[in-house]
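A.B. asks: This is the structure, below, for whatever I ask next.
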Amino acid sequence: MSDMEMPGVLVSAFEGPHGICEDHVGDLQKHFNLITMKEFLENKTQFNRKIQAIYIWGGKPDINRELLLSLPSLKIVASAGVGVDHLDLPLIASFGVKVANTPHAVSSPTADLGMALLLVSARRVLEGYQMAISPATENFCVNWMGHEVTGATLGVIGMGAIGYKIAQRARAFEMKILYHNRSRRKLEEEEAVGATYCEKLDDLLRQSDFVMLAVNLTPQTQMMIGRRELGLMKPTAILINIGRGLLVDQDALVEALQTGIINAAALDVTHPEPLPRDHPLLKLKNVILTPHIGSATHQARRQMMQNLVESILASLSGLPVPNEVLLK
């Protein structure tokens, strides 16, 4: 089958920070004629009716009304990852276009990173590394200490697939696990990981030594951790965010970190990404930042690609779409 006979799939680019993974291109081209945004914009009349799917990688390409109007044959928007806050779902649905994501591929690696950030921040690993390699270091101080993880209380906000896997991992550290979610888990699921449900977020914040954000960004969860919520946390507590940057009021977080309202923060996500180079979070010693790498493993990213291919092919064949995102 020639490229032009294959279904046309719009992608951001083949190179650059928002390009699709180079290792995946060959697999994708077995099924689709990949058309970059640059190619499409330079010759819309050639490609507009051929494009039947949009393959979103790293949040790109952007989907707006103008793009949707220009793609009359579009059937599905397939987006890598679990979060869909970058998509206007009602707008896309109004064009009769389906949306799919890849929630199962990201849950384990993101939970792994959440625990890594918890451990690194608790034991001050980054500060310790800098001390160990500094030319100015002559002695290691015996009284330089971090915080114990074993037996500590972890509060998980968002007990979906990722949050539950975090609880599974935390149980191995003999942690006391609290969780807050829009709906309570089944009793047997709670018992399996030793988790206690907190109907009120405030109760979780007051009791937790570590607070882990693993919730999706929605209008209801945006800025859910602000000055008031930070003030409820223990002064020794550490905030870990593996969800989305906008879950947290970053100005309030900076203030809380500078004044000792909380002890530290470990953030895989911020708003924007990356932060401006003069942002105060970049200058604080009690902050660890990583570049939104929750799902950044070779295995997870390949699984994401395969899941997207399955969803696109199902949509084009008129079959039920795996991992279809439905309007609520």
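Computed from the coordinates by the stated procedures, all read-outs in this text should not be read as laboratory data. Just so it is clear, the structure is predicted and the values come from calculations on it, not from any experiment. Neighbour counts run over all protein chains shown; Cβ positions are idealised from the backbone, glycine included.
A.B. asks: Give Ala100, Ala53, Ala122, Ala116 a once-over and let me know the one that is in contact with a helix residue (DSSP H, G or I) (Cβ under 6 Å, 6 or more places away or on another chain), small (Gly, Ala, Ser) and within 26 Å of Gly158 (Cα to Cα).
C.D. replies: Numbers: Ala53 fails: within 26 Å of Gly158 (Cα to Cα); Ala122 fails: in contact with a helix residue (DSSP H, G or I) (Cβ under 6 Å, 6 or more places away or on another chain); Ala116 fails: in contact with a helix residue (DSSP H, G or I) (Cβ under 6 Å, 6 or more places away or on another chain).
On inspection, the qualifying residue turns out to be Ala100.
A.B. asks: To continue, here is another question. Where in the stretch 127-201 are there strands (runs of 3 or more DSSP E), lying wholly inside it, with at least 3 residues that are free of Cβ contacts under 8 Å to residues at least 60 places away in the same chain and not small (Gly, Ala, Ser)? I'd like the intermediate steps shown before the answer.
C.D. replies: Details: elements: 153-157, 176-180, 195-197.
Answer list for the stretch 127-201: 153-157, 176-180.
A.B. asks: Next up: Residue check: is Ala116 surrounded by fewer than 21 Cβ atoms within 10 Å (Cβ to Cβ) and either within 18 Å of the chain's Cα centre (by Cα) or assigned to a loop (DSSP other than H, G, I, E, B) (or both)? Walk me through it before giving the result.
C.D. replies: Numbers: surrounded by fewer than 21 Cβ atoms within 10 Å (Cβ to Cβ): yes; either within 18 Å of the chain's Cα centre (by Cα) or assigned to a loop (DSSP other than H, G, I, E, B) (or both): yes.
Considered against the rule, which asks whether it is surrounded by fewer than 21 Cβ atoms within 10 Å (Cβ to Cβ) and either within 18 Å of the chain's Cα centre (by Cα) or assigned to a loop (DSSP other than H, G, I, E, B) (or both), Ala116 comes out as yes.
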